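First comes the structure, then the notes that go with it.
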Amino acid sequence: MGRLLGLALPAFALAACASYRPVSDVPVQIGRPYAVRGLTYTPAAAPGFDEVGYASWYGSESGNRTARGEKFRPGAITAAHTTLPLPTYVEVTALDTGRTILVRINDRGPFAPDRLIDLSRGAAELLGIRAKGRAAVRVRRVEPGERDRERLRRGQAASARPTLAGQELEQQRRRFIGLP
């Protein structure tokens, strides 16, 4: 019995590892419309995506599967969005400080009506909003270089982004204040 168990455990471990999709940028998945809590979300390419709203963060789901099929890693610099393709790269700017980071979207959410994006714990820490729980942000779709993409696929931070300041930051804050 012990020998049989000794052979079975490695097989189960390999099967569990194989159940996650490897972290990759291909294929890009847009997906069909889907409903959560009575609301329908329609994923779209959205190449010029640039919105302001609230970001929140999540991190207790370690090891769960993301909507992309990858293993969720709380410390990685990732996020969830309801409709952007998976994966998508976005710059997220905290509107109180102007601090900007690059994030890889690989999951769906947030499904709260007042939230634009859910950041992983690692992304929230890097942006400086983890202690707040939620923060006003700008989310803008970008096409980063391969070096930054590779770092984010490994769960690491991309190269530093310029801090948004001056009139540009004030303009984004006014967009946020003007939300319904």
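Values in this text are rule-based calculations from the coordinates and carry no lab data. The structure presented is a predicted model; accordingly, all values stated were derived computationally and were not measured. When we count neighbours, we look across all protein chains shown, and the Cβ atoms used for this are built from the backbone with ideal geometry, even at glycine.
Numbers below:
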{"read-out": "Segments 128-139, 45-56 sorted - mean Cβ within 10 Å per residue, highest first", "value": "128-139, 45-56"}
{"read-out": "The chain - percent relative contact order, Cα under 8 Å, separation 6 or more", "value": "25 percent"}
{"read-out": "Degrees separating the helix 166-177 axis from the principal Cα axis of the chain, which is the longest one", "value": "80 degrees"}
{"read-out": "DSSP beta bridge pairing in the chain, given as percent antiparallel to the nearest 5", "value": "80 percent"}
{"read-out": "Asp114 versus Arg174: modelled label distance in nm, points set 7 Å from Cα along the beta carbon direction", "value": "2.5 nm"}
{"read-out": "Globularity ratio of the range 44-177, using Cα Rg and 2.2 N^0.38 Å", "value": "0.95"}
{"read-out": "Nitroxide proxy distance, nm - points 7 Å out along Cα→Cβ at Asp25 and Ser60", "value": "3.5 nm"}
{"read-out": "Sequence-separation-based contact order of the range 54-158, relative, with Cα cut under 8 Å and 6+ spacing, percent", "value": "37 percent"}
{"read-out": "Paramagnetic label zone (point 7 Å from Cα along Cα-to-C-beta, Glu150; backbone N under 20 Å) in the range 54-97", "value": "76-78, 87-90"}
{"read-out": "Mean Cβ count within 10 Å, highest first, over the residues of peptides 151-159, 170-178, 69-77", "value": "69-77, 151-159, 170-178"}
{"read-out": "Computed [θ] at 222 nm, deg cm²/dmol, the chain (DSSP H ≥ 4; -39,500 (n - 2.57); rounded to nearest 500)", "value": "-7500 deg cm²/dmol"}
{"read-out": "Per-residue Cβ neighbour rank within 10 angstrom, fewest leading, Arg104, Arg68", "value": "Arg68, Arg104"}
